[in-house]
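Participant: Could you have a look at this structure, given as structure tokens, before my questions?
The values are calculated or read from the model by the stated rules, or taken from the named source; none is laboratory data. Given the structure is predicted, the values throughout are model-derived calculations rather than measurements. As a convention, Cβ positions derive from the backbone with ideal geometry for all residues, glycine included, and neighbour counts pool all protein chains shown.
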Amino acid sequence: MTLHTLSILVEDHPGALSRISGLFSRRGYNIGSLAVGPCESAGLSRITITVTGDDAQVEQVRKQASKLIDVIRVSDMTGTPRVERELALIRVTAGPGAPQAEIMQIAQTFQAAVVDIGSASVLLEVTGDTGKIDATERLLRRYGVRECTRTGKIAARREEKDT
């Protein structure tokens with residue numbers, strides 16, 4: 001079983017995401033992460049889905065997704081040079097008596113941005129690959145993670161370099 005990253009270019013119409021996620025559901029696949037948003041062309045959106053499966057099964061789903069209404073193109077980015085990123089917002093307990101300096105040191109180490117400070121918590125924004133997000137969250141858990149929201153993975157192919 002391989003973790004596959006699929007990039008799906010769709011027309012930005014109601015129901016497009018539902019049809020695509022329904023296809024995966026009907027085939028018995030659990031979607032590991034899903035991110036969708038506008039892309040470089042007006043009226044189109046890009047969906048990035050990660051799913052675990054064997055190559056033949058995922059290829060079959062890719063072909064079926066290509067036939068769906070609103071789908072322009074489906075690409076399996078697995079095994080191709082690419083950049084992958086995820087964003088997480090992590091709220092950590094940081095009220096009076098909390099080791100705020102230690103929390104800020106972890107934030108600095110992982111290049112996290114402080115996006116909100118309250119009387120009892122601090123909200124950090126962490127961007128990077130899945131491993132970086134996981135490591136940041138794991139280290140912050142000892143201080144009390146009150147909330148964690150993750151976007152899911154997005155990906156873009158690396159440009160080939162001229163030789």
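Results for (1) at pLDDT 95 or above; (2) hydrophobic (A, V, I, L, M, F, W, C); (3) more than 17 Å from the chain's Cα centre (by Cα), shown as yes or no for each residue.
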position: Asn30; (1), (2), (3): no, no, no
position: Glu40; (1), (2), (3): no, no, yes
position: Ile47; (1), (2), (3): yes, yes, no
position: Gly53; (1), (2), (3): no, no, yes
position: Glu59; (1), (2), (3): no, no, yes
position: Thr80; (1), (2), (3): no, no, yes
position: Phe110; (1), (2), (3): yes, yes, yes
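Participant: On the given criteria, is Ile47 more than 18 Å from Thr151 (Cα to Cα), in a strand (DSSP E or B) and in the same structural domain as Leu9 (by TED's automatic domain parsing)?
Facilitator: Criteria not met by Ile47.
Participant: Looking only at region 1-37, filter to residues that are β-branched (Val, Ile, Thr) and surrounded by fewer than 18 Cβ atoms within 10 Å (Cβ to Cβ); which one of those is nearest to Ile154 (Cα to Cα)?
Facilitator: So the residue we want is Ile31.
Participant: Quick one: which residue in Val115, Val126, Val92 is surrounded by fewer than 14 Cβ atoms within 10 Å (Cβ to Cβ), in a strand (DSSP E or B) and either within 15 Å of the chain's Cα centre (by Cα) or not assigned by TED's automatic domain parsing to the domain that holds Val10 (or both)?
Facilitator: Values: Val126 fails: surrounded by fewer than 14 Cβ atoms within 10 Å (Cβ to Cβ); Val92 fails: surrounded by fewer than 14 Cβ atoms within 10 Å (Cβ to Cβ).
Going through Val115, Val126, Val92 in turn, the sole match is Val115.
Participant: Right, here's the next one. Do we find a residue being touching a residue at least 40 places away in the same chain (Cβ under 8 Å) and within 22 Å of Leu139 (Cβ to Cβ) anywhere in region 64-83?
Facilitator: For region 64-83, residues touching a residue at least 40 places away in the same chain (Cβ under 8 Å) and within 22 Å of Leu139 (Cβ to Cβ): absent.
Participant: Could you list all residues from region 11-44 that are in contact (Cβ under 8 Å) with a residue 24 or more places away in the chain, assigned to a loop (DSSP other than H, G, I, E, B) and closer than 21 Å to Thr78 by Cβ?
Facilitator: Arg27, Tyr29, Cys39
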